[in-house]
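The values are calculated or read from the model by the stated rules, or taken from the named source; none is laboratory data. What you are looking at is a predicted structure, and each value in this text was computed from that prediction instead of being measured. Heads up, the Cβs are rebuilt from the backbone with ideal geometry, glycines too, and the neighbour counts pull from every protein chain shown. In case anyone asks, the SASA skips ligands and DNA or RNA and just uses the protein heavy atoms, side chains included. Shrake-Rupley method; radii C 1.70, N 1.55, O 1.52, S 1.80 Å.
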Amino acid sequence: MSGRRGGPEEFVEAENAEAIILRIEQKSRKIETLLRQSRPVEALKTALEGSAPKTMDERCKSANWIVVHRAIMAIKDVDGMLFSLDPEYYDILMKYLYRGLSTGDRPTCDQCLQIHEKLTQRAGLGCILRCLADTENTV
Amino acid sequence: MAAVAVHKFAQCLTCHAWSPDYSMIALCPSNEEVHIYRLSEGNWDRIHVLQKHDQIVSAIDWSSKSNRIVSVSHDRNSYVWNHEAAEWVPTLVILRLNRAALCVQWSPIENKFAVGSGAKTVCICYYEQENNWWVSKLIRKRHNSSVTSVAWHPNNILLATTSTDGKCRVFSTFIKGVDTRNSGASSSSDSKFGEQIIQLDLSYSWAFGIRWSPSGNTLAYVGHNSMMYFVDDVGPSPLAQSVAFRDLPLRDVLFVSEKMVIGVGFDCIPMVFAADESRLWSFVRFLGQRKATLSSARQGSQISEAFGKLYGQSKHSIANDGIEPSRPRGGIHENCINCIMPLKNRGDSKVTRFSTSGLDGKVVIWDLEGEEDLSEYM
């Protein structure tokens, strides 16, 4: 927890940034394969897994967001996705939905809002609160 | 129905406490007064108004053996009220705080009381016979933010606190001349006053409402991120569990037994948490509402050892994978519940009845008798 509560202007480079980026690149390739096989839920799970929220390195966070964004945008059947997504992914998915909403990009926001509605029905307001209250494990 | 009595005392209540025989209730109607009501022939009569504080009274505790009331207030002071000749006589306790006092609790043998404050400080107050005076001893420089709740361990020495810095801490409050070394606490009584036994870094947002289990083996407290934290074996190697739930955050907790905890808060309805045989805690159901299925709600939390690596390890206790019924609104409480108190007869180890009060000005008495599905945890 070295870069705890660093301001947004503060640039923190993770010591293992290269390793993280490398892992994200591998993840990205795996996701592309899964998407080609029409397994969007598997792709989303892969994207959310090991998303290293504790690092303060914005470069790593952005790299992972690109991967998660790719997986989120590939979701067509939101109900089906949430049905097969394990509850342990709910909190981290919610965080990425808020990141998506903060981009202001129209198609991204449309998709994130749609998932947000369904996810809130399923995971409750507690999930939103955990996302908003957590200032340390940000995505 | 689990709620056996409901009475609206005021527009809003900050806290309440019961007399030793539960015939009277002391409460603060969100102002600088403490009102005492007595139940006679089914009506609550206001029999005393304790006026001494200058600002809102934030907490009250009524000692069960010595029949004394302690009140703390945002005016940074505390009063101990003694019942003498049908009147309540106040004694000022100078806490030496520069911020509001927020919470108070009598120690189990009632020779001390603890006050948590917005001054990042905990006061341990005790009576000095020779000076006829309550002395306040401070635990300073331990908390990084306001102390929101205090809880006494049954051994009368250990005190647990929660704070808006998200941490839960346990201190020794041994005071020479007040406590004796062999008061049942083996290793913990060797510690000096104010020594920190443990610091738990489980929550990353404000922590509220802390209580020990009746045996003092388990701690429970809540975070403002819709999480409840359970800590077994408080000491050098604690076992911590984080339970996430799907609803709004809690404000206060109460151990009903070693295996069952009631949480109250912003969802206006008490929530039941219980531990299974392997001491895994999970959300069971709301009170005053039948549990739909027994099996689906039993996705437990995960035990994680010691500190440091606890972040992100909590599993979800999200009940019912199917369609969730809308949250029970329009229930008995109509606003946030901020206080829960046990109602138990002396000698009884388990609590079957308890009372809650909240921002809607109501006090509700709940009875767990007849809740068959919960009896296994009692």
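Couple of notes before you dig in:
- Those residues of segment B:322-344 which are within 21 Å of the chain's Cα centre (by Cα) and modelled with pLDDT under 90, in sequence order: B:ILE332, B:LYS344
- Filter pass, B:SER66 being at pLDDT below 95, closer than 22 Å to B:ALA114 by Cα and among the polar types (S, T, N, Q): yes
- Sub-6 Å Cβ pairs linking a first residue in segment B:246-259 that is more than 15 Å from B:ALA275 (Cβ to Cβ) to a second residue that is part of a loop (DSSP other than H, G, I, E, B) and of a type in the set (D, E, K, R), at least 6 apart or interchain, are B:ASP247/B:ASP267; B:LEU248/B:ASP267, ordered by first then second residue.
- Residue in segment A:82-89 that is at pLDDT 90 or above, under 13 Å from the mean Cα position of the chain (by Cα), under 26 Å from A:CYS109 (Cβ atoms) and not acidic (Asp, Glu) present: yes
- For segment B:68-81, the candidate set comprises residues that are of a type in the set (S, T, N, Q) and touching a strand residue (DSSP E or B) at 6+ places or on another chain (Cβ under 6 Å); within that set, the residue that is surrounded by the most Cβ atoms within 10 Å (Cβ to Cβ) is B:SER71.
- Among helices (runs of 4 or more DSSP H) entirely within segment A:78-137, having at least 3 residues that are within 9 Å of another protein chain (Cβ to nearest Cβ) singles out A:90-103, A:106-133.
- Sub-8 Å Cβ pairs linking a first residue in segment B:35-57 that is touching a residue at least 40 places away in the same chain (Cβ under 8 Å) to a second residue that is of a type in the set (Lys, Arg) and in a strand (DSSP E or B), at least 6 apart or interchain, are B:ILE36/B:ARG46, ordered by first then second residue.
- If the condition is being open to solvent by 10 Å² or more (accessible area, probe 1.4 Å), within 14 Å of chain A (Cβ to nearest Cβ) and either at positive phi or part of a strand (DSSP E or B) (or both), then segment B:243-282 contributes B:ARG251, B:CYS268.
- The residue of segment A:31-68 that is surrounded by the fewest Cβ atoms within 10 Å (Cβ to Cβ), among those that are assigned to a helix (DSSP H, G or I) and among the small types (Gly, Ala, Ser), is A:SER62.
- Scoring B:GLN199 on the criteria (1) open to solvent by less than 10 Å² (accessible area, probe 1.4 Å); (2) not in a loop (DSSP other than H, G, I, E, B); (3) not hydrophobic (A, V, I, L, M, F, W, C) leaves a single failure, condition (1).
- The one condition in (1) out of contact with any Leu (no Cβ under 7 Å at 6 or more places or on another chain); (2) open to solvent by less than 10 Å² (accessible area, probe 1.4 Å); (3) over 25 Å from B:ASP233 (Cβ atoms) that B:ASN131 fails to fulfil: (2)
- Scanning segment B:207-241 for residues that are polar (S, T, N, Q) and more than 13 Å from B:GLY265 (Cβ to Cβ) returns B:SER213, B:SER215, B:ASN217, B:THR218, B:SER237, B:GLN241.
- Checking each residue in segment B:202-217 for being touching a Lys or Arg at 6+ places or on another chain (Cβ under 8 Å) and either open to solvent by less than 10 Å² (accessible area, probe 1.4 Å) or farther than 20 Å from B:LEU280 by Cβ (or both) picks out B:SER203, B:ALA207, B:PHE208, B:GLY209.
- Candidate set from segment B:134-149 (those that are charged (D, E, K, R) and over 17 Å from B:ARG76 (Cβ atoms)); member that is most open to solvent (accessible area, probe 1.4 Å): B:LYS141
- Of everything in segment B:82-97 that is farther than 16 Å from B:GLU128 by Cα and of a type in the set (A, V, I, L, M, F, W, C), the residue that is most open to solvent (accessible area, probe 1.4 Å) is B:ALA85.
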